[in-house]
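Okay, so here's the structure we're looking at.
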Amino acid sequence: MSVNANVDVNVNGTEIRLRALLLRGLAGESAAYQQFLQDLSGRLRAFLRGRLAGLPDEVEDLVQETLLAVHNQRHTYDAAQPLTAWVYAIARYKMIDMLRRRAKRDALHDPLDDELAVFTASDQDAGDARRDIAGLLDQLSDGQRLPIIYTKLEGRSVAEAAQLTGMSESAVKVAVHRGLKKLALLIRNAS
């Protein structure tokens, strides 16, 4: 058996086990549901550590937020769909929310320095451009916005964007293409 086959078996085995535990928990087996949450927390911790290597203090909070969201939204899980894709999508959205909160909080603590007024015109123009781009991106669906952010703004590969969004690589490419076309249209309409 090849290494890839072993990985597939492990991934599929984990998917099947977690799904079975959740479904038993939803059917009223509290021990199965507790085991599901415990197993899932370990998977989430590993998933988030890999994405937040520079922010290890945030991982545990995000694990707890994600578990709470999974618990609160468990009735929306479609048993015909992969469980881990559903859970990791929730975790990604929680991670994005946390990063946005951090960015806003960090922006509030930027010192103001009147002595550097000479440079403010170019900084202000760059800030205006960032706000304009953010406003335009907010008009896109998550399915288009996130692939554009990951590939075009953060410089990630299509494969990384696919992993972060839960989309296939070809779906990421299509989403970026369509999203950029929509952004161009929005810019033309704003002029």
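The values are calculated or read from the model by the stated rules, or taken from the named source; none is laboratory data. Remember, it's a predicted structure, so these values are computed and weren't measured experimentally. Backbone-built Cβ (ideal geometry, glycine too); neighbour counts: all protein chains shown.
Evaluate the following for Ala53: is it among the small types (Gly, Ala, Ser), loosely packed, with under 10 Cβ neighbours inside 10 Å and without any contact (Cβ under 8 Å) to a residue 12 or more places away in the chain?
In short, yes.
Could we say that Ile149 is among the β-branched types (Val, Ile, Thr), over 15 Å from the mean Cα position of the chain (by Cα) and part of a helix (DSSP H, G or I) here? Let's see the steps before the verdict.
Working: among the β-branched types (Val, Ile, Thr): yes; over 15 Å from the mean Cα position of the chain (by Cα): no; part of a helix (DSSP H, G or I): yes.
Here the answer is no, as Ile149 does not meet what is asked.
Pull out all pairs, ordered by first then second residue, where Cβ-Cβ is under 7 Å, the residues are six or more apart or on different chains, the first lies in segment 168-191 and is in the same structural domain as Gln139 (by TED's automatic domain parsing), and the second is in a loop (DSSP other than H, G, I, E, B) and not aliphatic (A, V, I, L, M).
If the second residue must be in a loop (DSSP other than H, G, I, E, B) and not aliphatic (A, V, I, L, M), the pairs left are Leu186/Gln139.
Taking Asp114 as meeting all but one of (1) at pLDDT 85 or above; (2) loosely packed, with under 14 Cβ neighbours inside 10 Å, write down the number of the exception.
(1)
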